[in-house]
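Each remark here refers to the structure printed beneath this line.
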Amino acid sequence: MRISIKSKMILSNTVLVLIFILILVFSSTIIFKREFNNYIMENHKEASSKIVNEVLELFIKGEPTYEDFYNIGLKAFDSGIVLMVNKTYEKQLICMSDIFPNDSQNMIQQMEKTMKSVYPYFDGNYQEDIYVLEHEGEVFGYVTIGYYGPIYYSEFDVKFLSLFNKFIYMSGIIFFIIASVSIYFVADKISKPISFVSNKAKEIESGDYSDIIEFNSNTTEIRGLIESVNSLSTNLKNQKKIKKQMLQNYTHEVRTPLTVIRTTLEGMQDGVFEVTSERLQSIYNEIERIIGLIENVDALVETSNLNIKLNKKSFDIKIIVEKILKSFESMFENKKIIYKLELDKSEDYIFYGDEEKINSVIFNLISNACKYTDINGKVKINLTKKEDNFVIKVIDNGIGVEAVEKDLIFEHLYRIEKSRVKEVDGYGIGLSICKNIVIAHKGTIVVNSEVGAGSEFIVTLPITKNL
Ligand code: ADP
């Protein structure tokens, strides 16, 4: 059975609150009644001993009269007590139940009725307690206290008890209503953004990344969830854009040489073009370009693999940089680019990683610096060891990259329009390969750049131990 988070929260919390209230109501009722009964019994004991003391006082003062006993007996009725005073076991001085047999019986019956109205199964009956009237060793007689026991409530007690019960049950109901309303609001507050996020996820699933979730929540987890879904949506949106751009670039990269080949061949077939070695060379160059593209895509596929295989060994980064710079010497010279390598000669630059792949990263960056820097430009390679990292910086004062394109240039087949217009040789794959290789070495690659001022590509490689 599928049930919404809101209903689930409302249901489970309401049941919990209900159980809590019931336990609270019943336990407080039980505790209160126990304390109340103790209080009633204490009261009865107090009333009994007061009557016994009054009778004893009469004996101590001197010869008590029948009228004295009668008055005390009448007062005792008010406390629900039937008084009997005996001189000895045989000689009775007064017995109120004999004087008022009907009233005494009615009083006891009424008490029984009252108790049964509160406790329908109350097991009570008429009981008597006998007290010895003794003062300084002299026994004057006995007082018998007759009552309905083991406990009895007055009308007032019953009213008080029912008022208390009403109060407790009403408090329980009011508490339950308040708790239910707040549970509803809390559940609504929590479930609303979740259903927002869920709907957005469905939209993303169906390919709609247009809007982001504009929902403010002060719940940390929900805020995190919204932020993640929004960034997922933005990323997918960017990826979609990149894919589209990639496909356009890819078709462009393949179509251009193929068109050149086709038109040249058609021209030769129709006799429009003469078959010259230059024309055959140009066809050959275009085919080379397509092969180059395919090789680059292959390299990209290989390094895109999450489990990219690294042939790790220790090697000197400094030597690699120097070798690459040497191979670019003539290219730099052709463009009259001044280049220099900055490093601390006393430092060792031994790195444990895949030499061939790191070589291709540095090669690519230096090649780009050369390609995207105009004649008479400057290129600088800076090598440093910072804490546990090697930092390789390739800096040029070339055409630069626009801020919006700083991340995009690391995407497959992405070439900045300008570099294409300028017809600089390239496939827009090199930096993606660099990024994959650097990530495989648990490093980072970033670019700082300004259009027209130049670029600074920074590769940071963590120095790991040779295991
Ligand atoms: P490409 O083969 O086109 O050079 P890359 O992946 O190496 O492919 O680079 C992607 C794009 O990034 C390039 O087309 C270029 O527009 C831009 N780029 C790379 N390096 C530089 C640089 N040093 N200066 C300016 N733009 C650069």
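The values are calculated or read from the model by the stated rules, or taken from the named source; none is laboratory data. Since the structure is predicted, the reported quantities are computational estimates derived from the model, not experimental observations. For neighbour counting, all protein chains shown are included, and Cβ atoms are generated from backbone atoms with ideal geometry for every residue, glycine included. For accessibility, only protein heavy atoms count, side chains too; no ligands or nucleic acids. Shrake-Rupley method; radii C 1.70, N 1.55, O 1.52, S 1.80 Å.
Observations
- Test: residue in segment 216-239 that is in a loop (DSSP other than H, G, I, E, B) and open to solvent by 60 Å² or more (accessible area, probe 1.4 Å): yes
- Residue count for segment 277-296, restricted to those that are modelled with pLDDT under 90 and either among the hydroxyl-bearing types (Ser, Thr, Tyr) or not in a helix (DSSP H, G or I) (or both): 1
- If you go through segment 358-386 and pick out every residue that is open to solvent by 30 Å² or more (accessible area, probe 1.4 Å) and either under 22 Å from Ile308 (Cβ atoms) or of a type in the set (Gly, Ala, Ser) (or both), you end up with 4.
- Tally of residues being surrounded by 13 or more Cβ atoms within 10 Å (Cβ to Cβ), farther than 25 Å from Ser198 by Cβ, touching a helix residue (DSSP H, G or I) at 6+ places or on another chain (Cβ under 8 Å) and not hydroxyl-bearing (Ser, Thr, Tyr) across segment 1-29: 5
- Answer from Met96, Met107 - the residue that is farther than 19 Å from Ile40 by Cβ and at pLDDT 90 or above: Met96
- Taken over segment 165-196, the criterion of being without any contact (Cβ under 8 Å) to a residue 60 or more places away in the chain, out of contact with any Phe, Trp or Tyr (no Cβ under 8 Å at 6 or more places or on another chain) and hydrophobic (A, V, I, L, M, F, W, C) is satisfied by Phe167, Met170, Ile173, Ile174, Ile177, Ile178, Val181, Phe185.
- Flag for Asp123 being open to solvent by 30 Å² or more (accessible area, probe 1.4 Å), touching a residue at least 24 places away in the same chain (Cβ under 8 Å) and over 22 Å from Glu46 (Cβ atoms): no
- Odd one out for Arg420 among (1) part of a helix (DSSP H, G or I); (2) among the charged types (D, E, K, R); (3) more than 8 Å from the ligand (Cβ to nearest atom); (4) modelled with pLDDT under 70: (3)
- Of the candidates Lys378, Lys313, Lys393, the single residue that is within 16 Å of the ligand (Cβ to nearest atom), in contact (Cβ under 8 Å) with a residue 12 or more places away in the chain and within 21 Å of Asn436 (Cβ to Cβ) is Lys393.
- The single condition among (1) more than 29 Å from Leu408 (Cβ to Cβ); (2) open to solvent by 70 Å² or more (accessible area, probe 1.4 Å); (3) at pLDDT 90 or above that Leu258 does not satisfy is (1).
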